[in-house]
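Worksheet for the structure shown next.
The values are calculated or read from the model by the stated rules, or taken from the named source; none is laboratory data. Remember, it's a predicted structure, so these values are computed and weren't measured experimentally. Neighbour counts run over all protein chains shown; Cβ positions are idealised from the backbone, glycine included.
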Amino acid sequence: MNTIKHVYLVRHGETDWNAQRLIQGHSDIPLNIRGREQAKRLAARLKETPITQICSSDLQRAFHTASAVADVLGLQICQHVELRERYYGDWEGKDFRIIHEQYPDFDPWTDTESKYNIETYSDMQQRGIACLTNIIRESSAEHVLVVSHGGLINAMLHHMSNGLHGTGKTKLVNTSLSHVQYQKETWVVHDVNDGTHLDDA
């Protein structure tokens with residue numbers, strides 16, 4: 001495939017669990033008031049962008065963020081379970097800070113987390129990249145919006161940039177935009193974590 005495809009990766013808007021620093025994973029938590037406002041600002045930002053396809057995680061915090069943009073652009077949303085956040089098992093709903101204190105051997109860079117019934121980092125990264133690549137290859141759209149989750153987007157960015165961005169390097173803000181390009185089986189990262197539409201919030 002020689003056609004250049006532009007992908008806009010967006011982290012969902014804020015939830016109450018985000019504000020409380022609770023682990024969400026596959027827990028289906030809705031956007032809070034601030035998150036809904038962030039989604040509206042994102043939609044206004046993307047109004048003139050030539051996006052012709054929107055894909056989203058099936059979790060409501062991502063889908064409702066995508067819906068704000070879809071309403072403005074007059075598009076439908078394709079939902080993908082594979083675009084969900086990392087599965088955190090029994091840790092979901094718990095405070096990140098307490099988890100790090102109680103489990104000092106937890107290391108997101110290795111597969112040791114599997115003993116805590118958590119999806120491994122490599123499994124998460126592989127499913128995200130596989131899903132995104134399939135979306136691009138099967139779509140005729142040249143500009144695609146993908147609304148997902150911070151952990152998964154960072155894992156994909158880490159893969160795309162050979163570790164320059166993403167996991168361990170980037171803290172994605174809610175509804176931030178990361179612009180990447182796909183051509184000839186190669187990813188190119190242009191912009192990461194752009195939240196300028198939130199500057200005066």
(message) Every residue in region 159-170 that is closer than 18 Å to Arg84 by Cα and either in contact with a His (Cβ under 7 Å, 6 or more places away or on another chain) or assigned to a loop (DSSP other than H, G, I, E, B) (or both), please.
(response) Gly166, Thr167
(request) Enumerate the pairs (first residue in region 10-28 and free of Cβ contacts under 8 Å to residues at least 40 places away in the same chain and aliphatic (A, V, I, L, M); second residue anywhere and surrounded by 17 or more Cβ atoms within 10 Å (Cβ to Cβ) and not in a strand (DSSP E or B)) with beta-carbon separation below 7 Å, excluding pairs fewer than 6 apart on the same chain, so at least 6 apart or on different chains. (result) Ala19/Asn32
(request) Within region 115-131, count every residue that is part of a loop (DSSP other than H, G, I, E, B) and either over 13 Å from Tyr88 (Cα atoms) or of a type in the set (D, E, K, R) (or both). (result) 1
(request) Find all pairs meeting these conditions: Cβ atoms under 8 angstrom apart; at least six residues apart or on different chains; first residue within region 126-148 and over 25 Å from Gly13 (Cα atoms); second residue modelled with pLDDT under 95. (result) Arg137/Met1
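When you scan region 72-98, how many residues do you find that are of a type in the set (A, V, I, L, M, F, W, C) and touching a Lys or Arg at 6+ places or on another chain (Cβ under 6 Å)? Steps first, answer last, please.
Step one: filter region 72-98 for residues of a type in the set (A, V, I, L, M, F, W, C), giving 72-73, 75, 77-78, 81, 83, 91, 96, 98.
Narrowing further to those that are touching a Lys or Arg at 6+ places or on another chain (Cβ under 6 Å): 72, 96.
Number of matching residues: 2.
Please find, among Glu119, Glu85, Glu101, the residue that is touching a Gly at 6+ places or on another chain (Cβ under 6 Å) and acidic (Asp, Glu). If you could, list the steps in order and put the result at the bottom.
Details: Glu119 fails: touching a Gly at 6+ places or on another chain (Cβ under 6 Å); Glu101 fails: touching a Gly at 6+ places or on another chain (Cβ under 6 Å).
Glu85 is the lone residue from the list that is touching a Gly at 6+ places or on another chain (Cβ under 6 Å) and acidic (Asp, Glu).
Quick check on Asp123: is it at pLDDT below 90, on the phi < 0 side of the Ramachandran plot and out of contact with any His (no Cβ under 7 Å at 6 or more places or on another chain)?
Details: at pLDDT below 90: no; on the phi < 0 side of the Ramachandran plot: yes; out of contact with any His (no Cβ under 7 Å at 6 or more places or on another chain): yes.
It is false that Asp123 is at pLDDT below 90, on the phi < 0 side of the Ramachandran plot and out of contact with any His (no Cβ under 7 Å at 6 or more places or on another chain).
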(request) Among the residues of region 53-91, write down those that are among the hydrophobic types (A, V, I, L, M, F, W, C) and either part of a helix (DSSP H, G or I) or in contact with a Phe, Trp or Tyr (Cβ under 6 Å, 6 or more places away or on another chain) (or both). (result) Ala62, Phe63, Ala66, Ala68, Val69, Ala70, Val72, Leu73, Val81, Leu83, Trp91
(request) Say whether the condition of being of a type outside the set (Gly, Ala, Ser), over 15 Å from Ile136 (Cβ atoms), assigned to a loop (DSSP other than H, G, I, E, B) and over 14 Å from the mean Cα position of the chain (by Cα) is met by at least one residue in region 177-191. (result) no
